[in-house]
Structure formats: structure tokens, C-alpha cells
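**Q** Questions regarding the structure given below will be posed in turn.
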Amino acid sequence: MTTEAAEVASTALADDSRTQLEETLEELEQRPVSWFRSVTVPAAAVERRAVALGYEDLAIRAKLLRAGVLIREGRLERGGRWAHQVLAWAQEHENPFLLARAHRILSTFYGQIGDRSEALTHAVQCNAHLTDDEPPNVRARHLMMLGIALDESGSTEEGDRRFREALTIATAVGDLELTLNILNNMAYTAYEKDDEEAARELVRRMREVGARSSRSLSAHELDTVARIEMMSGRYDVAEETLSVLLEADQSKVEWHEGDAPAVCLLTLAEARRMSRRYAAAQQALDTAVKIAEERGLDRVRAQAREEQAALYAATGRFRHAYEEHLTFHKEMAALHSAQREARARALQAVFEATEARRASEHFREMAHRDALTGLYNRRYVNDRLPALLGEALVLRAPISIAILDLDHFKRVNDTLSHSTGDVVLQQIAELLSETAGSTMIAARMGGEEFLLIMPGTDAEEAAERCERLRLRIRAHAWEPVTGALPVTTSIGVTTSDDGRGSPSSLLSLADRNLYVAKREGRDRVVSDV
């Protein structure tokens, strides 16, 4: 074989290997969330193979899959660190595919450590970075994550809206697994809000979808159904719902989560206690305790103490109930202490990962700044504007853009000097920065042209802000710099009411309005008609 032929054969083999790895990753990424444990081994194999072949992007994808499993298993320290490492790589390489997925996993991570604000931030970002060609079921998963984060942060109505959007997509594409997952989240949310009517309707739909699905309801889904049945005292129906757990052949039940059997048995014990079937309640409770101790489920074991205290009280053994209650509080205090330590370790790992990339971020920040004015530059705008539009689209919020151009700036350079022109540009940049504050973005696009990005600002407010800025620029003390030459600006403003539209189309509309301002005499603001 000639050298050229060997090179061709080697390239073809590498292409085949990459294609196989990509296909494996796609299959793993599309697996139902409830199958998360089945991902670990093949993802690790893909990561090793990708590293050996030099496919860094595929290795990073596989690592993110493994991070997601670790976080769902409660191994937050390593999972959070890995997810942040993937996020940093995705940001550095401007990879929207991994950005969207890393943010989704980090939303779960921060939700588990109790930082609802960060969980919501990442949930918004995981939707903002989705590209138009993403599969519908992926979009539905990300919307569901946003729904969970919004609900947990207190925005119940907004969360419900995202749940329903996700449900519409999952139903339309016939993804029954995902549909059940979304309905279960919605039903449990209704249960926590004590909205029995909504919860029952969602349970009805869960049963309907479950009947069409190839699998039975999972243990956690059965637990949700049973809890909702208990809201109106239908303890017999709740027990019937969970009775499949007591059958010898438990292959009918999808367990998935390691704590599912014990959690369901606790619910069963409570249903039996409430219906005064005390001996049967004790039997279910004893089994739950055994499973919790065998599997090291400390939280479930502590919750079993609380149920045991209630059962003692229901049967008149008040001294035993009191003692069990004290033990429950002692174990819960120890559990909370252990959880605080685990959260601290997880956050420390994340902090170290963040610190490790700050040096590279510093140089990237310098590359995004205009050397003369210190404002952001066109490169930064090209990077940031698509993400801001994505966030606006997710939140259904307005975003406005203004292009500013100094009037007759050439006169300053030609009549006075280029150094004087530079001073004018620097002082304009200061006025822009003061106007922008911490909520807007000011950038120099080149020459005497500047840009102002105003997230969350509607058309009327944007026009008012730009008018105030125009008047401030005109009234600025220019005489010590330019003498008798005035400095004024023309501004073109455009607004997207809900984040729709591409960066290029919005910039084009703002530029068109700027042209109209120049044509109509300069030193004015022109916004959308």
C-alpha cells in the first residue's frame, strides 16, 4: 500500500470511529431521564475512546453525561465540578450544544444544594442556548427544567406555563416517557399547593398515558398518585395504587431511583395508619426501615422515625411516640449537618474549578474590550447578543437595541486633531457606561459608532432612555475639548417585544432608524414606527 493510500485508509477509519462515537453519544443523550444509571458505563467507555483518538469535544460530551449521573445520585462534589468544567470548555469553544446541556445539569445541581437563584439562572440559560435545530423532546426537557426552577423560586404561574409548553411538545411528538415525567412533576406541584382538583386531573392524564405506554408507572409516579388519593381520605385507593409493590413479581414496577421502594412503603404505611389498619401499617413501615438501612438512605430512615412516632401515638403508646419523635429530630439535625457539609464541599469544588479558569477568562475579557474606550467591542456583541435574545425569548421579555453615531465627527479630527477625537470618544464612552449601569451593555462598534443593548426594556422606555442620553451628550461640557465645535449624536432604536428575531435583523432595523435620524437633520432619536 502506498503512503497516500495508507493515509486515506487511516482517515476513513478515524471518520468511522468518530461517527460510531457520535452515534453512541446521541443514543445515550436521548435515553429517558429515568434510565440515568444505564448511562454511566457506556459514557465512560466513550470518553476513554474519544480521548485516545483525540476527539476532545466528544470526550467532553461523555464527561457531561457522567456528571449528570453523579448529580442525580447525590454525589454533588464531583458531579458539580465536572459540570462546571464542561461549561467552561463550552464557553471557551463557543459550543451552544454543550452550553445548553451543561446549564441544564447545573440547574439540577444548584437545585439540589438549595441555591434556587442559581438553579433558575442556569435553567434560563439552558433554554437560551438551544439552537433552532434541536429535537423537540430536548426542547421539552429544557422547558421542564425551567418550569421546575421557576416553581421552586416562587414563580408558580410562570413555572406552570413552561410545564404546559413542555407537555404540549412531548405530547405532539408522542414521547410517552417524557409526557409522564412532565405530568408527574405537575401533579406533585399541585399536591404541594393543596390544589386537589388540578392534581386529580393530572393523575387522570397520567393513568391515561401510562395505559398507552409500553411501561407501567414508575415507583415515584405511583407514589405521587397515592399521595393525591390521600388528599381526600381515599386511603383504600392509595393502598390499591401501591399494592403492586407488595407483589412477588416486582418487574411490573419501574424503580429507577434507589430510594423509591422505601419512599413508597412509607406512603403505604401512612395510608394504612390513616385507615386504622395499624398492624398492616407497621408491616409496611418495618419493610421501609429495612430497605433504608440496607441502602444507607439516611433521610428515609429519619422520615420513618416520624411515621413510627405517629403510629405509636395512634395506638395509644404515647411514651414510645415521644421517644421516637425525639430520635427523629436528632437524626434530622444530624442529617441537615451532614447535608450542609456536603453542600460546602460541593461549592468548594465548584469554586476551585471556577478559579482555575479565571486566568483564561481574564484574557478573553481583554479580547472583548475596545482598547481606546474600554467599552465592549464588536466581537463581544457578536458573542453576547444571540444569548441575550435567547434569554428574552425564554422569558417572553422585550429587548431593545440602539445604534449611536456622532454627528459630523470628521470635523473634530480634521479641524482639531485625531488625539482630540480620541478624547471625545473616551468621554462619550463614559457617558454611555453611566447610562448602561449594570443592566445594559455599551459597546463601541468601530469609529464613532456605538451600541447600547437594553435587556428587559420595551420600545417606549428605550426611546425615552435614548432621548435622555442624546440630551446629556449635547449638554456635556465639550468646550474645553472641542472649543466652539458642538458634539451631538443621532440614535436609531429598535425593539423585539419577546426576543424574536435574529441579531442581524435587529441590528439592521436599528441601523435603518439611525439612517432616518441622519437624513432628517441629525441630533435626534428615531425608533420603530
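The values are calculated or read from the model by the stated rules, or taken from the named source; none is laboratory data. The structure displayed is predicted, hence computed values, not measured ones. We place every Cβ from the backbone using ideal geometry, glycine too, and count neighbours over all the protein chains shown. To get the accessible areas, we keep the full protein, side chains included, count just its heavy atoms, and leave off ligands, DNA and RNA. Shrake-Rupley method; radii C 1.70, N 1.55, O 1.52, S 1.80 Å.
**Q** Residue 38 passes all but one of (1) outside any helix (DSSP H, G or I); (2) without any contact (Cβ under 8 Å) to a residue 24 or more places away in the chain; (3) more than 20 Å from residue 142 (Cβ to Cβ); which number fails?
**A** All conditions are met except number (1).
**Q** Which is in contact (Cβ under 8 Å) with a residue 24 or more places away in the chain and in contact with a Pro (Cβ under 8 Å, 6 or more places away or on another chain), of 456, 446?
**A** On the way: 446 fails: in contact with a Pro (Cβ under 8 Å, 6 or more places away or on another chain).
On inspection, the qualifying residue turns out to be 456.
**Q** May I pose another question? Of the residues 425, 372, 452, only one is over 36 Å from the mean Cα position of the chain (by Cα), at negative phi and not in a helix (DSSP H, G or I); which? Give the derivation first.
**A** On the way: 425 fails: not in a helix (DSSP H, G or I); 452 fails: over 36 Å from the mean Cα position of the chain (by Cα).
372 is the lone residue from the list that is over 36 Å from the mean Cα position of the chain (by Cα), at negative phi and not in a helix (DSSP H, G or I).
**Q** Still on this model: Scan segment 474-529 for residues that are at positive phi, open to solvent by less than 40 Å² (accessible area, probe 1.4 Å) and within 33 Å of the chain's Cα centre (by Cα) and report the count.
**A** 1
**Q** Do you know which residues across segment 193-216 are of a type in the set (A, V, I, L, M, F, W, C), open to solvent by 20 Å² or more (accessible area, probe 1.4 Å) and within 28 Å of the chain's Cα centre (by Cα)? If you could, list the steps in order and put the result at the bottom.
**A** Our first condition is that a residue be of a type in the set (A, V, I, L, M, F, W, C); within segment 193-216, this holds for 198-199, 202-203, 206, 209, 211.
This time we only want the ones that are open to solvent by 20 Å² or more (accessible area, probe 1.4 Å), so: 198, 211.
The answer is 198, and nothing else.
**Q** Looking for whichever is at pLDDT 90 or above, closer than 27 Å to residue 143 by Cβ and of a type outside the set (Ser, Thr, Tyr) here; the options are 21, 76, 64, 70. Which one fits?
**A** 64
**Q** Scanning for something closer than 28 Å to residue 73 by Cβ and at pLDDT 80 or above, does segment 232-244 turn up at least one residue? Steps first, answer last, please.
**A** Here is the first cut: in segment 232-244, the residues closer than 28 Å to residue 73 by Cβ are 241-242, 244.
Now restrict to residues that are at pLDDT 80 or above: 241-242.
Yes, segment 232-244 contains a residue that is closer than 28 Å to residue 73 by Cβ and at pLDDT 80 or above.
**Q** Going by the structure shown, is residue 176 aliphatic (A, V, I, L, M), open to solvent by 20 Å² or more (accessible area, probe 1.4 Å) and within 21 Å of residue 35 (Cα to Cα)?
**A** Details: aliphatic (A, V, I, L, M): yes; open to solvent by 20 Å² or more (accessible area, probe 1.4 Å): yes; within 21 Å of residue 35 (Cα to Cα): yes.
So residue 176 fits the description; yes.
**Q** Counting only residues that are farther than 19 Å from residue 127 by Cα and open to solvent by 20 Å² or more (accessible area, probe 1.4 Å), which one in segment 93-114 is modelled with the highest pLDDT? Quick ask: steps written out before the conclusion?
**A** Of the residues in segment 93-114, the ones farther than 19 Å from residue 127 by Cα are 112-114.
Narrowing the set further to residues that are open to solvent by 20 Å² or more (accessible area, probe 1.4 Å) leaves 112, 114.
Details: 112: 76, 114: 72.
So, considering only residues that are farther than 19 Å from residue 127 by Cα and open to solvent by 20 Å² or more (accessible area, probe 1.4 Å), the one modelled with the highest pLDDT is 112.
**Q** Are there any pairs with C-beta distances below 7 angstrom linking a residue in segment 136-156 that is farther than 13 Å from residue 185 by Cα to a residue that is open to solvent by 30 Å² or more (accessible area, probe 1.4 Å) and in a loop (DSSP other than H, G, I, E, B), with the two at least 6 apart or on different chains, and if so which?
**A** 136/173; 137/173; 137/175
**Q** If residue 490 passes every condition in (1) of a type outside the set (Val, Ile, Thr); (2) within 22 Å of residue 508 (Cβ to Cβ); (3) assigned to a helix (DSSP H, G or I) but one, which one does it miss?
**A** (3)
**Q** Within segment 339-346, is there a residue that is modelled with pLDDT of 85 or more, in a helix (DSSP H, G or I) and open to solvent by 70 Å² or more (accessible area, probe 1.4 Å)?
**A** Going residue by residue through segment 339-346, those that are modelled with pLDDT of 85 or more are none.
Checked against the condition, which is being modelled with pLDDT of 85 or more, in a helix (DSSP H, G or I) and open to solvent by 70 Å² or more (accessible area, probe 1.4 Å), segment 339-346 yields no hits at all.
**Q** Which ones in segment 449-499 are of a type in the set (Phe, Trp, Tyr) and under 20 Å from residue 370 (Cβ atoms)? Reasoning before the result, please.
**A** Applying the first criterion (of a type in the set (Phe, Trp, Tyr)) to segment 449-499 yields 450, 478.
Within segment 449-499, just 450 meets the criteria.
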